[in-house]
Amino acid sequence: QVQLVESGGGLVQAGGSLRLSCASSGRTFSSYAMGWFRQAPEKEREFVATINWSGDSTRTADSVKGRFTVSRDNAKNTVYLQMNSLKPEDTAVYYCAGSDYGMSNSPVTYRYWGQGTQVTVSS
């Protein structure tokens, strides 16, 4: 069983930065593709970024491209989301997730989910 725990969320002003971390308790962390999703109130869960098992391939949503970067450290069983130039519309609960099926934009392909961390961007 893989457990994922996000951290690093908080309140930041527009234009600021945050780095989210997602720590995994599983010994097989390096075998999973990882993803970041977010969900704002009354909206569907939205794809943010994904990274393959080795960390040499990533993909980000158009809405965050050039501002957000996903990375991972398999030695630390941790995946990161560096968020720069934050905007009020980035306000959401951010979730990390693990997938057996490789990089994917679809939440249905992810088996493991963290509990989420709140990011609030003030204008």
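The values are calculated or read from the model by the stated rules, or taken from the named source; none is laboratory data. These numbers come from a predicted model, not from an experiment. Note that each Cβ is placed from the backbone with ideal geometry, even for glycine, and that neighbours are counted across all protein chains shown. Note: areas computed on protein heavy atoms with side chains; ligands, DNA, RNA excluded. Shrake-Rupley method; radii C 1.70, N 1.55, O 1.52, S 1.80 Å.
Among residues of the stretch 3-16 that are in a loop (DSSP other than H, G, I, E, B), those with a Cβ under 8 angstrom from a residue that is open to solvent by less than 50 Å² (accessible area, probe 1.4 Å) and of a type in the set (Phe, Trp, Tyr), sequence gap 6+ or separate chain, pair up as 3/112; 9/94. Can we say residue 102 is exposed (fewer than 15 other Cβ atoms within 10 Å of the Cβ) and of a type in the set (Gly, Ala, Ser)? So residue 102 passes the test. For the stretch 1-60, the set of residues classified as touching a Gly at 6+ places or on another chain (Cβ under 9 Å) and among the acidic types (Asp, Glu) consists of 6 only. Within the stretch 82-95, is even one residue loosely packed, with under 15 Cβ neighbours inside 10 Å, more than 21 Å from residue 9 (Cα to Cα) and in contact with a Lys or Arg (Cβ under 9 Å, 6 or more places away or on another chain)? No, the stretch 82-95 has no match at all.
Note on the stretch 62-76: residues that are among the aliphatic types (A, V, I, L, M) and either at pLDDT 95 or above or part of a strand (DSSP E or B) (or both) total 2.
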